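Everything below concerns the one structure shown next.
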């Protein structure tokens, strides 16, 4: 058997209080030192008649302790291999070890001794000298250790080891069902934790993708409104790159996003006062082609061509002037910050013009006031939230910039024709 990192800890399988009580009775009855050791040979619990006179206690103070641990660990796995207690030499003495198993894995062992297999008077001078040199002891200290150490035969040692390992094995078995049950609970908790973490990572990635796409779309609309086709098409490439990665090549999702981009740009054109039959035909033509397409590369090409034609149409009809750039900058700022309590002074400052001139541009270019445009933007986004599954009216109001939900309901009904509650119900019924 091999050592494994997945082995359960002894303290998770055994009741240490019971083991200590058992060891105490065993030592008092047999006069043999006993230890519970882990798979590396370390003593976890030990009971000795007088630990200060034990050779193991002496060994801990010398470099020989590493060799002792190694020999004990080797003997433990050897005993598991042969299926019975294993007797091995420990210095000039003898130890015996029996394995403890849990779910067919070695979790530790019961080590007895050391003992000597003959009377202390028969301990020859060579063995005395070896002990003195190995542990740096005086002759009187060696004799004290020998006199303390129990004398018994190998057969007696084996019987003692079998008896103790059998009793401790019963303790393992008694706690085994509890251990297995706890293991099952821990496994379930780990699986639940992994699922929760996986879900969080997916949600985080999804939210990150949505935010990234929204930021790119705002930049795209801004460049398109300014007539910068090169930068607008660059943003399209970035948007589709993010979309392709997050959608894993889902054509329906890519088509939906492509149509949304055409709709958003045509909506911007309408806000800028560009409404013509030519623009309507472009939108209808490319919408139909994208819906019918079954190839990502073709959708990408159609989207590029369609958006480029829409941009060209906007500027053929409107031309380009400094006032266009100013109003577009203001529109983009409002679209980004509509959920805040933004005033015309703040928007004008970020558009590098005065509030009065910005108010004039809204009337001239969009045929509406600043307040009307802000309200329209907020209600349009409220409608989108409902279409995307949001059903809490108070939450919707807060997300689009209204702290008073009653006022939001009034404004929503005025612009949409029905209350948000009715609109939510209508969306749910049509699903």
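The values are calculated or read from the model by the stated rules, or taken from the named source; none is laboratory data. Since the structure is predicted, the reported quantities are computational estimates derived from the model, not experimental observations. Neighbour counts run over all protein chains shown; Cβ positions are idealised from the backbone, glycine included.
Key figures
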{"item": "Residue 390 vs. criteria within 39 Å of the chain's Cα centre (by Cα), farther than 26 Å from residue 219 by Cβ and surrounded by fewer than 17 Cβ atoms within 10 Å (Cβ to Cβ)", "result": "no"}
{"item": "Qualifying residue in the range 199-217 (condition: touching a helix residue (DSSP H, G or I) at 6+ places or on another chain (Cβ under 9 Å), assigned to a helix (DSSP H, G or I), closer than 20 Å to residue 330 by Cα and modelled with pLDDT of 70 or more)", "result": "yes"}
{"item": "Qualifying residue in the range 347-362 (condition: over 13 Å from residue 330 (Cα atoms) and touching a helix residue (DSSP H, G or I) at 6+ places or on another chain (Cβ under 8 Å))", "result": "no"}
{"item": "Residues of the range 9-48 satisfying the condition of being within 45 Å of the chain's Cα centre (by Cα), surrounded by fewer than 17 Cβ atoms within 10 Å (Cβ to Cβ), modelled with pLDDT under 85 and not in a helix (DSSP H, G or I)", "result": "9, 15"}
{"item": "Unique residue being at pLDDT 70 or above and crowded, with 17+ Cβ neighbours inside 10 Å when the list is 55, 107, 82", "result": "107"}
{"item": "Filter result for residue 87 (modelled with pLDDT under 80 and either in contact with a helix residue (DSSP H, G or I) (Cβ under 7 Å, 6 or more places away or on another chain) or assigned to a helix (DSSP H, G or I) (or both))", "result": "no"}
